[in-house]
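The values are calculated or read from the model by the stated rules, or taken from the named source; none is laboratory data. All of these numbers come straight from a predicted model, not from anything done at the bench. Every residue, glycine among them, receives a Cβ derived from its backbone with ideal geometry; neighbour counts consider all protein chains shown.
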Amino acid sequence: MPAKPHIAIVTNSTWTVYNFCLHFIKRFRLAGYRVTVIAPVDEYIQYLHNSYFVKHIPLRYLKHHGTNPLMDVLLVRELFGIYRREKPDLILHFGIKPNIYGSLAARFGRIPAISTVMGLGYTFLHPRFFKHIVWPLYRLAFRQNKAVVFLNKADRKLFVSQRLLRKEQAVLIRGTGVNTNYFRPLSRPSVDRFVFVYIGRLLYDKGIAEYVQAARKLRALSPRIECWIVGDFSYANQAAVSREELLEWVAEKSVRYFGSARDVRPYLKRADALVLPSYREGLSRVITEAMSMEKPVVTTQVPGCVDAIEDGVNGFLAKARDVESLAEAMYRMYLLSEEERRAMGLRNRKKVLQLFDEKIIFEKYLELVRHSGCLPKAVDAVNSSKTKPHAKISARLDLCDLPNDTET
């Protein structure tokens with residue numbers, strides 16, 4: 001019996017594995033592949049308990065927000081050693097450092113690789129550093145990649161126009177997929193208040209400061225409006241909000257802060273609308289999750305947000321970094337009737353089912369992998385029917401019991 005084709009998935013954290021790659025692992029294994037995950041370890045290592053006992057190799061030198069060149073050299077060396085030892089047939093990279101340094105290590109080891117550009121990160125929003133340091137690294141790293149996946153058209157166009165890769169390498173796949181069974185519509189409790197919720201890391205680049213300032217304006221207009229924040233600190237990130245500033249926001253009672261949450265559905269369930277005033281996204285995961293739960297969205301006119309939300313159709317768009325524009329968009333949402341917001345939510349659910357469902361996204365990745373031309377010939381026999389024989393099993397895996405519905 002021929003050996004199963006071997007795929008390695010490389011990410012910048014087990015948080016990324018848990019939130020973005022878990023369904024890839026499950027479905028690749030159901031499709032007949034052997035999967036190895038290579039990533040630094042954090043508290044989300046628990047993903048191993050429900051991922052078919054996939055092999056996990058921890059990374060020592062991948063520091064998510066580090067800028068030490070010596071550590072990056074050591075990371076390339078570490079990845080090269082792992083690739084040479086594990087001998088995967090194909091490597092899938094997710095995240096900025098895996099894309100750059102993982103692709104370089106794969107190139108040195110002559111192992112085919114596919115990268116996914118999940119977003120351009122802090123460096124892109126500070127162009128001098130991005131242009132003079134990161135662009136040349138991308139150009140060098142992607143030279144031998146089989147393909148580079150982009151989550152939105154703007155990122156793909158940028159990389160091609162700057163000649164960071166060849167046009168034929170650039171592939172558009174809209175997001176990493178949403179589990180539409182897990183993020184399904186839930187009845188909202190009847191309460192005499194209107195709730196906006198921000199869900200995400202507490203980063204200035206996500207527009208959190210503009211959200212708080214807009215909340216002040218809205219609270220002055222109507223005491224019925226509440227603005228919630230759900231998310232964790234990112235102290236290692238240069239764009240992170242300080243603890244002192246967050247305490248000031250909470251003390252003035254313009255916003256309510258609920259801390260971090262692994263399960264955001266209870267907050268989305270109680271919210272009337274999601275707000276994400278980001279400066280730029282790959283394709284916002286939280287927006288598509290809210291859409292899947294039939295929630296309207298207020299977001300910004302930037303790549304990765306406009307790819308999901310159309311102004312006045314399934315949400316409202318504001319100018320990025322503009323408090324007045326954001327407050328106006330949020331107030332427009334507040335003034336809509338329940339029927340109008342309900343119609344927006346229904347359009348969002350329909351759009352997710354058509355474009356962003358994880359089953360649809362995985363089929364596109366599977367097709368890309370199968371046509372990469374670098375897997376053993378036996379893979380065609382293994383995958384001749386794609387994942388159809390496992391449809392019932394796959395559907396069962398997607399279902400998840402909801403937590404107890406207690407008021408936050």
Unique match (being within 22 Å of Tyr279 (Cβ to Cβ) and in the same structural domain as Leu92 (by TED's automatic domain parsing)) among Leu172, Leu203: Leu172
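Give the residue, chosen from Arg201, Arg193, Arg224, that is of a type in the set (Lys, Arg), in contact with a strand residue (DSSP E or B) (Cβ under 8 Å, 6 or more places away or on another chain) and under 23 Å from Gly121 (Cβ atoms).
Working: Arg193 fails: under 23 Å from Gly121 (Cβ atoms); Arg224 fails: under 23 Å from Gly121 (Cβ atoms).
When all the criteria are applied, what remains is Arg201.
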Run Ser222 past the list (1) closer than 15 Å to Lys253 by Cα; (2) buried (at least 19 other Cβ atoms within 10 Å of the Cβ); (3) polar (S, T, N, Q) and report the number of the one that doesn't hold. (2)
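Take Ala239 and tell me if it is surrounded by fewer than 20 Cβ atoms within 10 Å (Cβ to Cβ), small (Gly, Ala, Ser) and closer than 14 Å to Gly207 by Cα. Quick ask: steps written out before the conclusion?
Values: surrounded by fewer than 20 Cβ atoms within 10 Å (Cβ to Cβ): yes; small (Gly, Ala, Ser): yes; closer than 14 Å to Gly207 by Cα: yes.
Here the answer is yes, as Ala239 does meet what is asked.
Checking the structure you have, find out if any residue of segment 79-101 is touching a His at 6+ places or on another chain (Cβ under 6 Å), crowded, with 16+ Cβ neighbours inside 10 Å and farther than 16 Å from Tyr365 by Cβ. Give the derivation first.
To start, the set of residues in segment 79-101 that are touching a His at 6+ places or on another chain (Cβ under 6 Å) comprises 88-89, 99.
Then keep just the ones that are crowded, with 16+ Cβ neighbours inside 10 Å; that gives 88-89, 99.
Within this subset, residues satisfying the condition of being farther than 16 Å from Tyr365 by Cβ are none.
No, that holds for no residue.
Check segment 47-55 and report whether any residue there is at pLDDT 90 or above and surrounded by fewer than 19 Cβ atoms within 10 Å (Cβ to Cβ). Give the derivation first.
Initial filter on segment 47-55 (at pLDDT 90 or above): 55.
If we keep only those that are surrounded by fewer than 19 Cβ atoms within 10 Å (Cβ to Cβ) as well, we get 55.
Yes, segment 47-55 has at least one match.
Of all residues in segment 230-257, which are among the β-branched types (Val, Ile, Thr) and within 19 Å of Asp322 (Cα to Cα)? Spell out the reasoning first.
The first filter runs over segment 230-257 and keeps only residues among the β-branched types (Val, Ile, Thr), leaving 230, 241, 250, 255.
The answer is Val241, Val255.
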